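*Asks:* Structure in structure tokens, see below.
The values are calculated or read from the model by the stated rules, or taken from the named source; none is laboratory data. Not measured: the values here are computed from a predicted model. When we count neighbours, we look across all protein chains shown, and the Cβ atoms used for this are built from the backbone with ideal geometry, even at glycine. Just the protein is used for accessible areas: all its heavy atoms, side chains included, with ligands, DNA and RNA removed. Shrake-Rupley method; radii C 1.70, N 1.55, O 1.52, S 1.80 Å.
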Amino acid sequence: MHYRFAGSDSVFEHQGPWTMDPPPRDVAFAPIEYPAWRACQHQAAAIPYSRFALAHQIVEPAELLFFRGYAGENAHHGFGVHDTSGSGYCTHEKKGTGDDHIFELIWEPENTQFTASVSPEARKAMKFTDARGFSGSLVWNTRYLEVSRHRQWTSQDAVVTGFLRRWDQESKTLLAWRVEHLRAWLDTNAGQP
């Protein structure tokens with residue numbers, strides 16, 4: 001596996017061990033050691049474990065859920081360069097779906113809208129037809145609707161609420177593993193991070 005940190009063009013090959021479980025969990029992590037973290041200048045930041053909610057819980061049915069990921073259709077390789085364009089998406093939980101292990105996010109590419117800060121070049125290059133590749137992305141409950149009724153919302157109000165597992169083309173949803181199961185798996189396999 002190769003990786004790079006946000007804000008850096010340096011690419012590193014992961015030399016250490018992986019921890020993974022096959023389906024139905026279909027989850028993995030590779031710890032990044034401090035020497036690797038300090039190997040270059042970057043703007044990456046670790047997500048504190050305290051930002052992982054204890055359980056997936058949406059107070060407002062229309063709450064905004066966010067993830068940032070890398071759809072395979074927006075990744076290109078050529079001339080020795082692997083160019084990936086990460087995409088941030090804000091969506092909602094699909095009402096009346098899911099179970100005690102997963103919840104479903106609405107994925108309707110035909111209704112995608114760009115924010116004002118997306119450049120014209122990025123708008124032209126970005127594709128929205130194939131959600132494969134988003135698996136492994138953390139899903140954030142922004143808590144925007146919940147919090148903004150009482151006070152000014154900030155990004156520090158958001159919490160991790162799930163882990164994207166797969167795209168279900170038939171239902172037009174992305175299936176996310178509930179954070180309580182992700183936490184239990186991390187606690188068992190990594191100790192409390």
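*Asks:* Across segment 1-34, which residue is least open to solvent (accessible area, probe 1.4 Å) among those that are more than 22 Å from residue 160 (Cβ to Cβ) and among the aromatic types (Phe, Trp, Tyr)?
*Replies:* Selected residue: 12.
*Asks:* So how many residues does segment 65-102 have that are surrounded by 13 or more Cβ atoms within 10 Å (Cβ to Cβ), out of contact with any strand residue (DSSP E or B) (no Cβ under 9 Å at 6 or more places or on another chain) and modelled with pLDDT of 85 or more?
*Replies:* 0
*Asks:* Then there's this: Tell me whether segment 42-60 contains one or more residues that are β-branched (Val, Ile, Thr), open to solvent by 50 Å² or more (accessible area, probe 1.4 Å) and closer than 30 Å to residue 145 by Cβ.
*Replies:* To start, the set of residues in segment 42-60 that are β-branched (Val, Ile, Thr) comprises 47, 58-59.
Subsequent filtering for residues that are open to solvent by 50 Å² or more (accessible area, probe 1.4 Å) retains 47, 59.
From what is left, the residues that are closer than 30 Å to residue 145 by Cβ are 47, 59.
Checked against the condition, which is being β-branched (Val, Ile, Thr), open to solvent by 50 Å² or more (accessible area, probe 1.4 Å) and closer than 30 Å to residue 145 by Cβ, segment 42-60 yields at least one hit.
*Asks:* Quick one: residue 37 ticks every box in (1) more than 30 Å from residue 96 (Cα to Cα); (2) open to solvent by less than 60 Å² (accessible area, probe 1.4 Å) bar one, so which box is it?
*Replies:* All conditions pass for residue 37, except number (2).
*Asks:* When you scan segment 138-168, how many residues do you find that are among the hydroxyl-bearing types (Ser, Thr, Tyr), open to solvent by less than 60 Å² (accessible area, probe 1.4 Å) and in contact with a Ser or Thr (Cβ under 9 Å, 6 or more places away or on another chain)?
*Replies:* 1
*Asks:* Cβ-Cβ under 6 Å, sequence separation 6+ or interchain: first residue in segment 50-68 and under 12 Å from residue 142 (Cβ atoms), partner assigned to a loop (DSSP other than H, G, I, E, B) and open to solvent by less than 50 Å² (accessible area, probe 1.4 Å). Which pairs?
*Replies:* Taking only residues 6 or more apart or on different chains, the pairs are 64/142; 66/142; 67/137.
*Asks:* In segment 1-34, which residue that is more than 24 Å from residue 102 (Cβ to Cβ) and of a type in the set (Val, Ile, Thr) is modelled with the lowest pLDDT? So that I can check it myself, show each step before the final result.
*Replies:* Here is the first cut: in segment 1-34, the residues more than 24 Å from residue 102 (Cβ to Cβ) are 1-17, 31-34.
With of a type in the set (Val, Ile, Thr) added as a condition, the list becomes 11, 32.
Working: 11: 81, 32: 88.
Ranking the qualifying residues of segment 1-34, first place goes to 11.
*Asks:* Scanning segment 103-137 for residues that are of a type in the set (D, E, K, R) and either surrounded by 15 or more Cβ atoms within 10 Å (Cβ to Cβ) or within 18 Å of the chain's Cα centre (by Cα) (or both), which turns out farthest from residue 29 (Cα to Cα)?
*Replies:* Restricting attention to segment 103-137, the residues satisfying the condition of being of a type in the set (D, E, K, R) are 104, 108, 110, 121, 123-124, 127, 130, 132.
Going one step further and asking which of them are either surrounded by 15 or more Cβ atoms within 10 Å (Cβ to Cβ) or within 18 Å of the chain's Cα centre (by Cα) (or both), we end up with 104, 108, 127, 130, 132.
Values: 104: 23, 108: 29, 127: 27, 130: 24, 132: 19 Å.
The qualifying residue farthest from residue 29 (Cα to Cα) is 108.
*Asks:* Which pairs do you get when a residue that is without any contact (Cβ under 8 Å) to a residue 60 or more places away in the chain, found in segment 111-124, comes within reach of a residue that is open to solvent by less than 90 Å² (accessible area, probe 1.4 Å), reach meaning Cβ atoms under 6 angstrom, with the pair 6+ apart or on two chains?
*Replies:* Matching pairs, first to second residue: 112/128; 123/114.
*Asks:* Working only within segment 138-193, note down all residues that are within 23 Å of residue 70 (Cα to Cα) and among the hydroxyl-bearing types (Ser, Thr, Tyr).
*Replies:* Result: 142, 155, 161, 171, 173.
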